[in-house]
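What follows is a single structure, written as structure tokens, with notes after it.
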Amino acid sequence: MTDWGESAQALNRFIRPQTFPISVKMVESADDFPERTRRPVRDMGFKSTICVAIALARKYGWTIGMTAEDNACPVAAYLYGWSDSEAENEAILADFMKAMSYGTNDDAIKAILEATKQFRLNRGNMGGSSSRPLS
């Protein structure tokens, strides 16, 4: 199987998952989203998280496009390079992670933030991401 559509068909034939298998594509700007891409703020009237956008794509088979303007998640803002100030965002993110019990103490949160730096995109590198069903 060389094509993602064939892979999706094989998954559906042999496994029959309850939701659509999806792909995620990083884009340089919202202009690069495929036609009929739904955007949380523009089309649904609310900011969303990347997790919810992926869930919508999986559950309903929609193509969902996310940019900084659509995003409500400080973790995604930090990792996607969508935050304005790295130092300010790290402080906000640390407080968020403490409130959500992502780490047991300040040292654990600091270690998590340090580890994520290898995955974080530089500011301005990616304007958005789109999640869509494989078909």
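The values are calculated or read from the model by the stated rules, or taken from the named source; none is laboratory data. These numbers were taken from a predicted model, which means no experiment stands behind them. Ideal geometry is used to build each Cβ from the backbone, glycine not excepted, and the neighbour counts take in all protein chains shown.
A few points about this structure:
- For segment 55-76, the set of residues classified as β-branched (Val, Ile, Thr) and under 19 Å from ARG120 (Cβ atoms) consists of THR67, VAL75, listed by residue number.
- Helices (runs of 4 or more DSSP H) contained in segment 23-132 and holding at least 2 residues more than 30 Å from ASP3 (Cβ to Cβ) and either of a type in the set (A, V, I, L, M) or modelled with pLDDT of 90 or more (or both): 74-79, 86-99, 106-116
- Taking segment 71-96 as the range and being within 27 Å of MET44 (Cβ to Cβ) and over 15 Å from the mean Cα position of the chain (by Cα) as the test, the residues that pass are ASP84, ASN89, ILE92, LEU93, PHE96.
- Look at segment 1-21: where a residue is more than 17 Å from ALA57 (Cα to Cα) and a partner is part of a helix (DSSP H, G or I) and at pLDDT 80 or above, sitting 6+ places away or on another chain with Cβ atoms under 9 Å, you get MET1/SER7; MET1/GLN9; MET1/ALA10.
- Residue that is surrounded by the most Cβ atoms within 10 Å (Cβ to Cβ) [pool: residues in segment 86-107 that are out of contact with any helix residue (DSSP H, G or I) (no Cβ under 9 Å at 6 or more places or on another chain) and small (Gly, Ala, Ser)]: ALA91
- In the set THR63, THR116, only one residue is of a type in the set (Val, Ile, Thr), surrounded by fewer than 16 Cβ atoms within 10 Å (Cβ to Cβ), under 17 Å from the mean Cα position of the chain (by Cα) and closer than 30 Å to PHE20 by Cβ; that residue is THR116.
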